[in-house]
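Input: a single structure, listed below in structure tokens.
The values are calculated or read from the model by the stated rules, or taken from the named source; none is laboratory data. Computed from a prediction, not measured in an experiment: that's the story for all the values here. Because the Cβ atoms are built from the backbone with ideal geometry, glycine has one as well, and the counts that use them run over all protein chains shown. Keep in mind that these areas ignore ligands, DNA and RNA; they rest on the heavy atoms of the full protein, side chains included. Shrake-Rupley method; radii C 1.70, N 1.55, O 1.52, S 1.80 Å.
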Amino acid sequence: MAAPWEDVLRGPAALREAAAAAVDAALLAGVLLRTQGEPNASEVVNYAPFTLLPSAVPSALFEQAYAVQQDFNLLVDAISQNKEFLECTLASTVKVDDFTARLFRIHKQVLEEGLAQSVFLGINRSDYMFDSGVDGTPALKQIEINTIAASFGGLTSRTAAVHGHVLKVLGKSKEASHLLPNNPSKGLALGIAKAWELYGSQSAVVMFLVEEVQRNIFDQRCVEYELWNRNIRVIRRRFRDVFEKGSVDDAKRLYVDGQEVAVVYYREGYVPQSYDQQNWEARLLLERSRAVKCPDIATQLAGTKKVQQELSRPGILEKLLPGHAEAVARIRATFAGLYSLDMGEEGDKIAAMAIADPDRFVLKPQREGGGNNLYGEELKQVLEKIKDSPERTSYILMDKIKPQPAVNYLLRAHSPLQASKCISELGIFGVYVRHGKEMVMNKAAGHLLRTKAIEHADGGVAAGVAVLDTPYLV
């Protein structure tokens, strides 16, 4: 998949000039991160890493990814409402994975007490790679679906303009005009605004629940300012603020710092490191309230790797989405091979298969965010160590997707400019709002393309491995 830029970067002088123009364009457009040295201060910022040139993406696969997003929204929502499915699917995982177990305990407790929440907001991002099959024909294969704190909807809303400018500088104005407009931050804000409106209190606020370290604040601000532009008040608080200043009244209304909260938008809470005992108590308080949680805890559990693996079993999608045969077919077409490592004969065979041929697979733990997956020799060593232990059930095994690399330049602050062989991952943002049993919004809200050098097997932009990119459809 060659994009039509090979002719324009013949000499180092042209390359340096294009890179300098690109960096200034990114700073001007607000494609920004705080620095590692001062992650909570905006006095000194730098550009978020990005590719010099847009990457080629097959238009048929791009359209396929958009076309299936509403189906995935329906599926995630259906899973979140299916207590038996979640309980059964996560039974082996909760025995060996304390983090998933604690989330599940809160889920059960809230259901037993009776759900106070009647409006449900889902913001997810389904991530894909382009697998070059045996005959070299690329196919869209899902890596995972993120149901909590799916990031970079804000910064990617501003990246296409940067790449458009770079192409013009390189004399490619016609190609620049073909870059697609993309504004996930507006789409995500529309969902939050709809949930806020259905909550039904003009004076209530939207609370962004944020991490202690906030390098990626500008990505969140893009969504936040869309809400302010609709005259919806936004506050930013951490778990510890909720613990110290949060309360729920008799009507299950949530108050933080004396302000009623209509929507809690999580940009935190997806890894075990997010929680100490106080933070778990804060999470329970939030879940017990009638505030719209994005996501509520059932939807977070719906995004676990174990659920993803269970969905690939024959007949499961049909049970979860009865009467939606076409949606089921569209979803199933995106699945890569997924295998269970549950205890028993089948799991034993699969573990042995992976140990014998580790380069065919990826071993994935129950974790969000890049940098956790195991490949090759490391996969083999870990599986050999845990192959006879129930610990193996906290992982799933997946076929390794083999995309076709392409050359690009990855622009990072303080890094030399050099050509890299790269692969890309396409994410589609989905937003849905359900009021009681009625789905009142279900849409694809934009896309995110991230690109990394082929020597980095795992990791996203926040992990410092991938960089922001823009698709050029071919």
So which residues in the stretch 239-277 are over 25 Å from the mean Cα position of the chain (by Cα) and assigned to a strand (DSSP E or B)?
-> G246, S247, V248, L254, Y255, V256, Q259, E260
In the set V68, V31, the lone residue that is in contact (Cβ under 8 Å) with a residue 60 or more places away in the chain and assigned by the TED database to the domain that holds R288 is V68
Test result for K319, in the same structural domain as K245 (by the TED database), more than 18 Å from the chain's Cα centre (by Cα) and open to solvent by 10 Å² or more (accessible area, probe 1.4 Å) | yes
Among the residues of the stretch 7-43, which ones are open to solvent by 80 Å² or more (accessible area, probe 1.4 Å) and assigned to a loop (DSSP other than H, G, I, E, B)?
-> D7, R10, Q36, E38, N40, E43
3 or more residues within 19 Å of T470 (Cα to Cα) and free of Cβ contacts under 8 Å to residues at least 24 places away in the same chain: qualifying helices (runs of 4 or more DSSP H) within the stretch 90-202 | 173-176
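Identify all residues within the stretch 335-358 that are exposed (fewer than 13 other Cβ atoms within 10 Å of the Cβ) and within 17 Å of Y375 (Cβ to Cβ); write none if there are none. Don't jump to the end; show me each part of the working.
The initial filter retains those residues of the stretch 335-358 that are exposed (fewer than 13 other Cβ atoms within 10 Å of the Cβ), namely 344-346, 349, 352, 356-357.
Within the stretch 335-358, A356, D357 qualify.
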Residues located in the stretch 409-438, provided they are of a type in the set (D, E, K, R), under 30 Å from A116 (Cα atoms) and not in a strand (DSSP E or B) | K437
If you scan the stretch 118-147, which residues turn out to be open to solvent by 20 Å² or more (accessible area, probe 1.4 Å) and charged (D, E, K, R)?
-> D131, D135, K141, E144
Could you list, in sequence order, the residues of the stretch 278-299 that are out of contact with any Asp or Glu (no Cβ under 8 Å at 6 or more places or on another chain) and either part of a loop (DSSP other than H, G, I, E, B) or open to solvent by 10 Å² or more (accessible area, probe 1.4 Å) (or both)?
-> Q278, N279, W280, E281, L284, L285, S289, R290, A291, P295
V206: β-branched (V, I, T) and in a helix (DSSP H, G or I), yes or no?
-> no
Scanning the stretch 302-311 for residues that are open to solvent by less than 10 Å² (accessible area, probe 1.4 Å) and more than 14 Å from the chain's Cα centre (by Cα), the one nearest to G337 (Cα to Cα) turns out to be Q309
Of the residues that make up the stretch 59-71, is at least one among the aromatic types (F, W, Y), surrounded by fewer than 20 Cβ atoms within 10 Å (Cβ to Cβ) and assigned to a helix (DSSP H, G or I)?
-> yes
If we keep just the residues of the stretch 262-280 that are of a type in the set (F, W, Y) and out of contact with any strand residue (DSSP E or B) (no Cβ under 9 Å at 6 or more places or on another chain), which is farthest from H107 (Cα to Cα)?
-> Y275
Would you be able to tell me the number of residues in the stretch 393-425 that are in contact with a Pro (Cβ under 8 Å, 6 or more places away or on another chain), hydrophobic (A, V, I, L, M, F, W, C) and over 23 Å from L32 (Cβ atoms)?
-> 1
Options R283, R360; residue that is basic (K, R), at negative phi and not assigned by the TED database to the domain that holds K252 = R360
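Results for (1) touching a Leu at 6+ places or on another chain (Cβ under 8 Å); (2) surrounded by fewer than 18 Cβ atoms within 10 Å (Cβ to Cβ), shown as yes or no for each residue.
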{"residue": "K364", "(1), (2)": "yes, no"}
{"residue": "S389", "(1), (2)": "no, yes"}
{"residue": "I401", "(1), (2)": "no, no"}
{"residue": "Q404", "(1), (2)": "no, yes"}
{"residue": "R412", "(1), (2)": "no, yes"}
Just to be sure, is I79 modelled with pLDDT of 95 or more, closer than 24 Å to V362 by Cβ, part of a loop (DSSP other than H, G, I, E, B) and open to solvent by less than 20 Å² (accessible area, probe 1.4 Å)?
-> no
Quick check: anything in the stretch 456-465 in a strand (DSSP E or B) and either at pLDDT 95 or above or open to solvent by 10 Å² or more (accessible area, probe 1.4 Å) (or both)?
-> no
Determine whether the stretch 88-100 contains at least one residue that is open to solvent by 10 Å² or more (accessible area, probe 1.4 Å), within 19 Å of the chain's Cα centre (by Cα) and β-branched (V, I, T).
-> no
